[in-house]
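Throughout, read-outs are computed from the coordinates displayed, never taken from laboratory work. These figures come from a predicted structure and were not determined experimentally. Cβ atoms come from the backbone with ideal geometry, glycine included; neighbour counts cover every protein chain shown.
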Amino acid sequence: MKTKTIIILSVLILVAAAAIFYFTSGKKEKEVTFITAKAQYGYIAKSITATGTVQPVDTVSVGAQVSGVVKNVYVDFNSIVKQGELLAKVDPSIIQAQTEQSKANLANTKSNLDYQQSNFDRQNKLYNLGAISKADYQVALNQYNSAKAAIANAAAQVRLAERNLSYTNIYSPINGVVLNRNVSAGQTIASSFNAPTLFVIAKDLTKMQVRAAVDEADIGGVRSAQPVSFTVDAFPDDIFEGTVQQILLHPAVSANVVTYTTLINVDNKAMKLKPGMTATINIYLEEDTNALLIPSRALNFKPDSTLLKKYTLIKAERNTNDQNNSGKGKKANRPDSSNNGKMEKAEIRKSFVWTRKGDTLMERRIITGLNDDSYVRVIKGLLPGEEVITGVVIGENKNNTDNTERSPFMPQMRSRPTRQSNSQ
């Protein structure tokens, strides 16, 4: 009987202890931690991505205008050539024979002209004396004129044959580097319909051009002289820079995707870029190297009702000081003096953020500009060093800082590197 009583008392004590723990712990207030970030100056940019191919600025395809067997080739791949330098020679024996034949024909027509001229002079004298009819005179005149025309035709044939003979020597039209050689000694080339391309020569490899394929959805913001950075697989740690030269109006359509070829000029003094390399490109539509920035998620923070028990919330329309800071009328749409009068290219917007001062949370009206989805530029309404709330954690201890990072899946929003990072 005593054992049963002890067991019942033990159970009652445990139940009472559990109830006391439950009710006392439930009344304990959970700790509220705000995640904040300071407004500070930094770099922000809005860019688009594209892919393209590195090409020489100017290339020349050297072909052959005559048919025949290639007798000699004097240059090879990557050979540096000068304008007028002999690149290859086509066997001239057949064209040489045609030239000699044309010259022989010219000599024959000259001999015939001498005969026809003497015959015409004789017939002319007889006609003037009335010894022959007018019909005989006109026959002699016609034969003389035909002999003169034959001379001109034969002379033209000689010039044509000599010009074709000169085409058996293939010279470089420019100073440059041989990118491609499509012919070897002993190879037969035929230029009856199309001139075969024997060599491709690049004029200057120290200046390259990237042909970027820009999507039609992004092409509206692309302009000449905009800065560009890109990488190539051969040098993944090097960042190359260039500028937009022009947009070709002829579209390219592939699988119902419309793109526009955008030409980008690049300096290649280091000779790292090779023709045909694939480039991953960032075209910077807008950028600011000294903008007052806050995390973009600060614009989305709104305190919930659970904070009303401990904090006083003051919204922007009841905060007179913040309304004065935001400006009046059209002045609110102008950048402040910290931007040196530079107008924001992006659309200027009114936004709201929350700041904390003791147990008071105050909503601030600010003017924002360029937004890259990670950070937003503040034009008016905040001072450097002021903290804005980006989030809140209830019941857990968190570091009171903002660790906003740019998404790796949004390469178009990364910052453009400085000039010193350019590997060229």
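Please say if the stretch 86-221 is rounded, prolate or oblate, where rounded means a/c under 1.5 for a ≥ b ≥ c the square roots of the C-alpha gyration tensor eigenvalues, and otherwise the choice is prolate for a/b larger than b/c and oblate otherwise? It comes out prolate by the Cα gyration axes. Think of the stretch 59-201 as a dipole: +1 on every Lys or Arg Cβ, -1 on every Asp or Glu Cβ, centred on the Cα centre; then among Val69, Val158, Tyr115, Tyr115 lies furthest on the positive end. Among Leu382, Leu179, Leu126, Leu308, the order by Cβ neighbours within 10 angstrom, fewest to most, reads Leu308, Leu126, Leu179, Leu382. Shape class for the stretch 184-273, computed from the alpha carbon gyration tensor (a ≥ b ≥ c): oblate, with a/c not under 1.5 and a/b at or below b/c. Gly63 sits among other residues whose Cβ lies under 15 Å from its own Cβ, and their net charge, with Lys and Arg +1 and Asp and Glu -1, is +2.
Mean sequence separation of contacting Cα pairs (under 8 Å, at least six apart), scaled by the length of the stretch 59-201, corresponds to a relative contact order of 51 percent. Decide, for the stretch 31-86, between rounded, prolate and oblate: order the square roots of the alpha carbon gyration tensor eigenvalues as a ≥ b ≥ c, take rounded if a/c falls under 1.5, and otherwise choose prolate if a/b is larger than b/c, else oblate. Here the stretch 31-86 falls in the prolate category. A simple count of charges around Leu165, restricted to other residues whose Cβ falls under 12 Å of its Cβ and scoring Lys, Arg +1 and Asp, Glu -1, yields +1. Which residue, chosen from Thr231, Ala190, Gly220, occupies the Cα position most advanced towards the positive end of the dipole of the stretch 188-242, where the dipole is computed from +1 (Lys, Arg) and -1 (Asp, Glu) charges on Cβ about the Cα centre? Result: Ala190, furthest along the dipole toward the positive end.
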